[in-house]
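Below is one structure; the comments refer to it alone.
The values are calculated or read from the model by the stated rules, or taken from the named source; none is laboratory data. Quantities reported herein were computed from a predicted structural model and do not represent experimental measurements. Here the Cβ positions follow ideal geometry from the backbone for every residue, glycine too, while neighbour counts run over all protein chains shown. These accessible areas exclude ligands, DNA and RNA; they are computed on the full protein's heavy atoms, side chains included. Shrake-Rupley method; radii C 1.70, N 1.55, O 1.52, S 1.80 Å.
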Amino acid sequence: MSRAPRRRLFTIALFAAALLAAGCAAEDRPPPPSPDAGPQPKLLSNLNDVASVPVNPLAIDTVPARGEGLLRDSGPVSAGPRTYETEPGIEREVGTDKNPGTVRLLNNKAAQFGSFSAVILDRIYARLAIAERSEEISQTKLPEELKAVVITAILDKSGKLTELIVEQHSGKARIDQMMIDVCRKSIWYENPPPEALSGDGVYKLTIKMKLENFASLDEHHWSFITDLALGIG
């Protein structure tokens, strides 16, 4: 075969390989918005369509003012003994030796209503521990640069979940979606304290969840270190 046909065959092979690699990458990442679509809002949906909205794993740097304010408020709330339910930032160990985890409160208001916050956190963690052991998630080796997922949940006056807002993406779409599903199924409260209502008459809970790879017996299935926190707006 002459050099010219060989060169053409080599070029075609490189082009095909590039198309294949691009297709594989597209499967793990939703397409970005079109340039003329204008500013794109954060994921903001009611519970009927939140699961069907694609999560953009690249949108991980901007946190709206509401979620940002909750994460920064961490002053003392009690002159008594420092405990998990009375002061922000104090961690409580949960999970097992194989699947360690911690839960904590993010701000003064969450500590002021410590029992309310603890019930919600425990319910989220219990369902999260199950989700982490699913085949899809346990086979995921997480990147070291993975960020926390931050979600604000809106509850009505009766304690029923009505809305979920993704304030910060982790950088891994399946982890974001897992946390959305967990929040949909585990955030509710019968007879919530009316004093915990926000100024506009709803309950605003911000949940922050960070995952890290912990151990693997077969280099295929992983357990995780889970850090879970909650703030009230």
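Take each peptide in 91-103, 115-127, count the other Cβ atoms within 10 Å of every residue, and average; sorted highest first, the result is 115-127, 91-103. Using the alpha-carbon centroid of each, what span in Å lies between the range 195-233 and the range 117-151? That distance is 7 Å. In the full protein context, the range 93-185 carries 42 Å² of accessible surface per residue, based on a 1.4 Å probe and ignoring ligands, DNA and RNA. Here the simple spin-label model places points 7 Å from the Cα toward Cβ, and for ASP200 and TRP188 these points are separated by 2.4 nm.
What is the range 107-176 by shape, rounded, prolate or oblate, if you read a ≥ b ≥ c off the alpha carbon gyration tensor as root eigenvalues and call it rounded for a/c under 1.5, prolate for a/b larger than b/c, and oblate otherwise? Prolate, because a/c is 1.5 or more and a/b exceeds b/c. When every Cα-Cα distance of the range 142-202 is counted in 5 angstrom steps from zero, the calculated P(r) takes the values 4, 17, 24, 19, 15, 10, 7, 4, 0 percent.
Hey, any idea what % of the range 169-233's accessible area is carbon plus sulfur with a 1.4 Å probe?
51
Label positions at GLU145 and ASN213, each projected 7 Å from the Cα along the C-beta direction, are separated by 1.6 nm.
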